[in-house]
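The values are calculated or read from the model by the stated rules, or taken from the named source; none is laboratory data. What you see is a predicted model; the values in this text were computed from it and never measured. Cβ coordinates were reconstructed from backbone atoms using ideal geometry, including for glycine residues, and neighbour counts include every protein chain displayed.
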């Protein structure tokens, strides 16, 4: 066996182990989030992530937000099982949000009230389609991870999307929109 093949197989096995560990941790969050212990975030960074994700997916009359869905814990698991470069990107990104909040309002993002959080988030999202600044680039990463965490949680799937599960259809009638009829 060639060295390259052996290294590829070894890394695939390690990756598979990492995936299994992460799956177990995500199941724990879904069933007993109070028992989960942070692996990557410090308590202060975790509070920042809670504030950031809740600003992106706030609670409303329809469903709970990112905080109740434990999106911060989902992100912690993902980052704990990520490469060092991804972890460093998140640390820099969280620091960038705090620096923007500090520059504009004199405190960290987590310490801001909802109005000021929204203002900082609006600034970060202003060039979402073509991010240029570090704050804008990290916003795209943060938003994607937030939505992934929220819509794979029981709250996002069942309470927000109201997914009831797969059901068998007795008949399929096709599209009923008049503009789609042949």
Testing residue 162 on (1) modelled with pLDDT of 80 or more; (2) not in a helix (DSSP H, G or I), one condition comes back false. Which one is that? (1)
Pick from 42, 108: which is at pLDDT 90 or above, more than 25 Å from residue 160 (Cβ to Cβ) and in contact with a helix residue (DSSP H, G or I) (Cβ under 7 Å, 6 or more places away or on another chain)? 108
Only one of these is within 17 Å of residue 47 (Cα to Cα) and without any contact (Cβ under 8 Å) to a residue 12 or more places away in the chain: 84, 99. Name it. 99
So residue 127, is it over 18 Å from residue 53 (Cα atoms), part of a loop (DSSP other than H, G, I, E, B) and in contact with a helix residue (DSSP H, G or I) (Cβ under 8 Å, 6 or more places away or on another chain): yes
For residue 118, only one of the following conditions fails: (1) surrounded by 14 or more Cβ atoms within 10 Å (Cβ to Cβ); (2) touching a residue at least 12 places away in the same chain (Cβ under 8 Å). What is its number? (1)
Over the range 105-124, the set of residues over 21 Å from residue 140 (Cα atoms) and assigned to a helix (DSSP H, G or I) is 105, 111
